[in-house]
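The block underneath contains the structure these notes are about, expressed in structure tokens.
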Amino acid sequence: MAILLSNTDARRIFLAKQGLSRPRGALTKAGLLELIGEIGFVQVDSIATVERAHHHILFARNPSYKRAHLAALLEKDGELFEHWTHDAAIIPSAYFVYWKHRFARSRLRLVERWRSWHENGFESYVDHVLERVTREGRLMARDFEQDPELGKRPPGGWWNWHPEKTALEYHWRTGNFAIAAREGFQKVYDLAERVIPPRHFHGEVSEAEFVDWACTSALERLGFATHGEIAAFWDLVSPEEAKGWVETNRDRLEPVAVTLADGSKPRASHAFAGSAAVFDALPPPPARLRVLSPFDPLLRDRNRAERLFGFNYRIEVFVPAEKRVWGYYVFPILEGDRLIGRIDMKADRKAGTLDVRRLWLEPGVRASNGRLNALDAELARIARFAGVGRTVYLDGWRGD
């Protein structure tokens, strides 16, 4: 018989599994590594409307988070590395051995895909780029714009990579290179064996062990999930592989029926056997109000977030301005176990202000004095974190 989870319990479980119910004590460097391991990965994004996504994600879980700790874990200690899940992300280096299978799979498909996408003949530069990085050490894409052997290259943007930039990314995506550091937000590449500590770099796991880890670790961080949600968590295995894993691990799993926010038929999912006691012991999230990054792991699977929270959220960065419903870069607002609205804001670093342009609360959520005061306190925390002095509410920010 399936465990029936109320919608309130489902939200509580998922919030706890995603690190949003943790106590607020001082976050040490070791504690930060533990937190990232707990949630699995932290997405990296170049947009810094207020603060870059990875910093905001960690700040939302603990306001004492320090950027220097993350930099040390990534660039000095080697306990974290940057690679691909569903997107670029920061991942514990302890999982590097499993990513070797992703590297192998990427080798099979990237050349064909990128051959037609980039149309710049990057394949002829793969060996040259590997040789230069091996010989010279850490290099950036701009170091190839005036290549001593090939002459001047045209500068490449995100959508217009020069061939050497494409070759650098190919080596990164297939595991030959790792990101040793970032300057600004530009990647610094080096051989993976010189970036990943030996205790994490060496070692192999079988294909079966890889699939089992990918599915087991995903379900641990989701609490309950369908086979499709399990596959999507890391984006390491296919839905068919996750479905096969479920079938062969029936003795480790039990069925769960998850009550959805809209009251429709409960969604059939899987959890580990004996999860009821584990779920009961998970703490509720703090009642305080928090503004989340648009790339927060809680919202990575937009459809799952909508099913559990009744909150329809899409990023409109790439939507033409005239077609946007909300705005360029709008932040979701979490209050306790509910997603109650969204806010459009931007850090004006020249003026030293956090400019609040517009607030939208979900239907049925009142703009009470208590709630607005809690929002003001949260925005003051975010302003300090983003390095601006004060919050400025622009005319019409409440939509009056």
Output for Cβ contacts, cut-off 9 Å, separation at least six or different chains, first residue over 18 Å from TYR98 (Cβ atoms) and open to solvent by 10 Å² or more (accessible area, probe 1.4 Å) in the stretch 221-237, second outside any helix (DSSP H, G or I) and of a type in the set (A, V, I, L, M, F, W, C), reads THR226/ALA268
Please work out which one of (1) more than 30 Å from ALA305 (Cβ to Cβ); (2) modelled with pLDDT of 95 or more is the condition LEU222 fails and give its number. (1)
I'd like the full set of residues that are among the hydrophobic types (A, V, I, L, M, F, W, C) and not in a helix (DSSP H, G or I), limited to the stretch 259-301. LEU260, ALA261, ALA268, ALA271, PHE272, ALA273, LEU282, ALA287, LEU289, VAL291, LEU292, PHE295
Selection from the stretch 276-290 of residues within 15 Å of ASN7 (Cα to Cα) and under 22 Å from the mean Cα position of the chain (by Cα) yields PRO285
Of the residues that make up the stretch 15-25, is at least one open to solvent by less than 10 Å² (accessible area, probe 1.4 Å) and polar (S, T, N, Q)? yes
Considering each residue of the stretch 88-114, count those that are open to solvent by 50 Å² or more (accessible area, probe 1.4 Å) and within 16 Å of PHE41 (Cβ to Cβ), and give that number. 1
When the residues of the stretch 323-363 are filtered to those that are small (Gly, Ala, Ser) and over 26 Å from PRO297 (Cβ atoms), which remaining residue is most open to solvent (accessible area, probe 1.4 Å)? ALA351
Strands (runs of 3 or more DSSP E) wholly in the stretch 1-97 with at least 2 residues that are farther than 21 Å from LEU299 by Cβ - which ones? 3-5, 80-84
Evaluate the stretch 225-232: report whether one residue or more is in a helix (DSSP H, G or I) and either in contact with a Gly (Cβ under 6 Å, 6 or more places away or on another chain) or at pLDDT below 95 (or both). no
In this structure, is GLU240 acidic (Asp, Glu) and within 17 Å of LEU15 (Cβ to Cβ)? no
If you check every pair at least six apart or on different chains, which have Cβ atoms under 7 Å apart with a residue in the stretch 195-206 that is on the phi < 0 side of the Ramachandran plot and assigned to a helix (DSSP H, G or I) first and a residue that is buried (at least 16 other Cβ atoms within 10 Å of the Cβ) and modelled with pLDDT under 95 second? none
Across the stretch 26-41, the tally of residues that are open to solvent by 30 Å² or more (accessible area, probe 1.4 Å) and under 18 Å from LEU282 (Cα atoms) stands at 2
Residues of the stretch 381-396 being surrounded by 14 or more Cβ atoms within 10 Å (Cβ to Cβ) and among the small types (Gly, Ala, Ser), in sequence order, are ALA383, ALA386
Considering only residues that are among the β-branched types (Val, Ile, Thr) and farther than 15 Å from PRO92 by Cα, look in the stretch 177-208 and name the one that is farthest from the chain's Cα centre (by Cα). VAL205
In the stretch 42-65, how many are more than 13 Å from the chain's Cα centre (by Cα), under 26 Å from LEU236 (Cα atoms) and open to solvent by less than 10 Å² (accessible area, probe 1.4 Å)? 1
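Matching residues to (1) within 30 Å of PHE224 (Cα to Cα); (2) in a helix (DSSP H, G or I):
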site: GLU306; (1), (2): yes, yes
site: ASN312; (1), (2): yes, no
site: ILE333; (1), (2): yes, no
site: TRP360; (1), (2): no, no
site: VAL365; (1), (2): yes, no
site: GLU378; (1), (2): no, yes
site: ARG381; (1), (2): no, yes
site: ARG384; (1), (2): no, yes
site: ASP395; (1), (2): no, no
Condition check for VAL133: at pLDDT 90 or above and surrounded by 11 or more Cβ atoms within 10 Å (Cβ to Cβ): yes
Is it true that some residue in the stretch 304-318 is among the aromatic types (Phe, Trp, Tyr), open to solvent by 10 Å² or more (accessible area, probe 1.4 Å), under 17 Å from ALA16 (Cα atoms) and modelled with pLDDT of 95 or more? yes
Do we have LEU5 as of a type outside the set (Asp, Glu), out of contact with any Pro (no Cβ under 6 Å at 6 or more places or on another chain) and open to solvent by less than 20 Å² (accessible area, probe 1.4 Å) here? yes
Just a yes or no: is a residue in the stretch 360-379 at pLDDT 95 or above, out of contact with any helix residue (DSSP H, G or I) (no Cβ under 7 Å at 6 or more places or on another chain) and within 29 Å of TRP234 (Cβ to Cβ)? no
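The values are calculated or read from the model by the stated rules, or taken from the named source; none is laboratory data. Fair warning: this is a prediction, and the values are worked out from it, not measured in the lab. Positions of Cβ are generated from backbone atoms using ideal geometry, with glycine treated the same way; all protein chains shown enter the neighbour counts. Calculation scope for accessible area: heavy atoms of the full protein, side chains included, ligands and nucleic acids excluded. Shrake-Rupley method; radii C 1.70, N 1.55, O 1.52, S 1.80 Å.
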